[in-house]
């Protein structure tokens, strides 16, 4: 079993839809949780960063962490064609910069 | 500011040849990471350095892979001899230890094809 599991998609939604992306993990030592966005043929870029459990909102994006269930989510409201990309979750334990990434979910927002 | 710079952007080589990938991190960043990305396995950490010293190389697949960081502004990842299963996109990333944001700054990657 991989440490971090992520549905690869692809996920196609109409413009304006609410998108939910998820990851599960097995290592209870993970404390730092991130979402990266990767456009085609580019490097990943940080989208959201959260520490421990709870919610964090930034514009149209909301990240949720449920450590008891070992489950993290990213919600995108009012999705736009420019949100079409691969979304990767990443996480790490305290005291290390060894980030473990999910395989990524490919999202396509249709105009 | 210039971001992380990787070269070459694309490399096509034949099995058995030596491949050298290069990376220039963002100035002032004290951590440098090498990742490999494939469809099947996603983004895998190969090795990372702190202040030019390798900290964790447990992700390096085998002895054919080696990485060096001779100074704060340059790192190489070498594969010798290369095999078709090494075909992937190799990313270099850097960060500073001072920021509490979880942000790694990635280069645009080196796409390697081994025939």
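Every number in this text was worked out from the coordinates using simple rules, so none of it is lab data. Please read all numbers here as calculations on a predicted model, not as lab measurements. Here the Cβ positions follow ideal geometry from the backbone for every residue, glycine too, while neighbour counts run over all protein chains shown.
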Over the Cα atoms of segment A:17-93, how large are the radius of gyration and the largest Cα-Cα distance (Dmax), in Å?
12.3, 36
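How big is D, in µm² s⁻¹, for segment B:1-68 by Stokes-Einstein at 25 °C and 0.890 mPa s if Rh is the Kirkwood radius over C-alpha pairs? Please report the intermediate quantities before stating the final value.
On the way: Rh = 13.6 Å.
For the chosen part, D equals 181 µm²/s.
If you take each beta carbon of peptide B:32-41 and count the beta carbons of other chains within 10 angstrom, what is the mean? Please list the in-between numbers first.
On the way: counts 0, 3, 0, 4, 0, 8, 1, 3, 2, 2.
Counting other chains' Cβ atoms within 10 Å and averaging over B:32-41 gives 2.
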Provide, as a two-decimal number, the C-alpha radius of gyration of the protein assembly as shown over 2.2 N^0.38 Å, N being how many residues it has.
1.02
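If you take all C-alpha pairs in segment A:59-111, what percent of them are over 17 Å apart? Don't skip to the answer; put the middle values down first.
On the way: 677 of 1378 pairs.
It works out to 49 percent of all Cα pairs.
Expressed as a fraction of 2.2 N^0.38 Å, the rule-of-thumb size for a compact globular protein of N residues, what is the C-alpha radius of gyration of segment B:2-41?
Computed over Cα atoms of segment B:2-41, the ratio equals 1.45.
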Fewest Cβ neighbours within 10 Å first, please rank A:46, A:107, B:77 accordingly.
A:46, A:107, B:77
In what order do B:97, A:79, A:53, A:92 fall by count of nearby beta-carbon atoms within 10 Å, going from fewest to most?
B:97, A:53, A:92, A:79
Step by step: find N for segment B:32-72, compute 2.2 N^0.38 Å, then divide the Cα radius of gyration by it. What's the final number?
1.20
What is the mean projected area of the alpha carbon convex hull for chain B, to one decimal in square nanometres?
6.9 nm²
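What is the fewest-to-most order of A:18, B:26 by other Cβ atoms lying within 10 Å of their Cβ? Spell out each step's value before the answer.
Values: A:18 12, B:26 18.
Going from least to most buried by this count: A:18, B:26.
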Average silhouette area of segment B:60-115, convex hull of alpha-carbon atoms, in square nanometres:
4.9 nm²
Give the separation of the Cα centroids, segment B:49-77 to segment A:41-71, in Å.
29 Å
The FRET efficiency for residue B:14 and residue B:68, from their Cβ-Cβ distance with R0 = 30 Å and rounded to 0.05, is 0.80
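What is the average number of partner chain Cβ atoms found within 10 Å of a Cβ in B:45-52? Could the numbers behind the result be given before it?
Numbers: counts 5, 0, 0, 4, 0, 1, 0, 0.
Neighbouring Cβ atoms belonging to other protein chains average 1 per residue here.
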